[in-house]
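S.K.: Here it is, the structure, as structure tokens.
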Amino acid sequence: MKLAVYTKAGQVGLTEIDRPQIIEADDAIIQIVRTCVCGSDLWRYRSPDIEAGHQNSGHEAIGIVEEIGDAVTTVKPGDFVIAPFTHGCG
């Protein structure tokens with residue numbers, strides 16, 4: 001699958017990565033349908049100190065749950081979910 005990474009200040013590229021796996025009991029894998037750009041993404045995007053290959057946290061997304069760990073009880077595969085900025089930005 002593809003992952004967006006910063007290549008240098010003001011530039012984003014794509015790289016290939018393995019499909020995520022459930023590791024922890026409270027993990028969930030979500031197929032992303034839409035995403036947003038957060039202000040914290042732009043701080044890194046504009047930074048001349050950004051390291052090539054640095055990954056975005058991907059913390060604003062809408063998608064469909066594909067898999068869940070054993071401890072997940074609030075969503076199930078097939079559910080439509082929204083991950084707002086408050087979950088990634090505090």
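S.K.: Computed from the coordinates I sent, Rg/Rh (Cα atoms, Kirkwood Rh) equals one of [x] 1.01; [y] 0.98; [z] 0.94. Tell me the label.
M.R.: Computed from the coordinates, Rg/Rh (Cα atoms, Kirkwood Rh) corresponds to [x].
S.K.: Please report the relative contact order for the chain, taking Cα pairs under 8 Å with a sequence separation of at least 6, and give it as a percent rounded to a whole number.
M.R.: Normalised by residue count, the contact order of the chain is 32 percent.
S.K.: Show that you can apply the helix-only estimate: for the chain, add -39,500 (n - 2.57) for every DSSP H stretch of four or more residues, divide by all residues, and state [θ] at 222 nm to the nearest 500.
M.R.: Result for the chain: -3500 deg cm²/dmol, rounded to the nearest 500.
S.K.: Label-point separation (nm) for residue 46 and residue 18, each offset 7 Å from Cα along Cα-to-Cβ?
M.R.: 3.8 nm
Since every read-out is calculated from the coordinates, none of them should be taken as a lab result. Because the structure is a prediction, the values reported are computed rather than measured. Backbone-built Cβ (ideal geometry, glycine too); neighbour counts: all protein chains shown.
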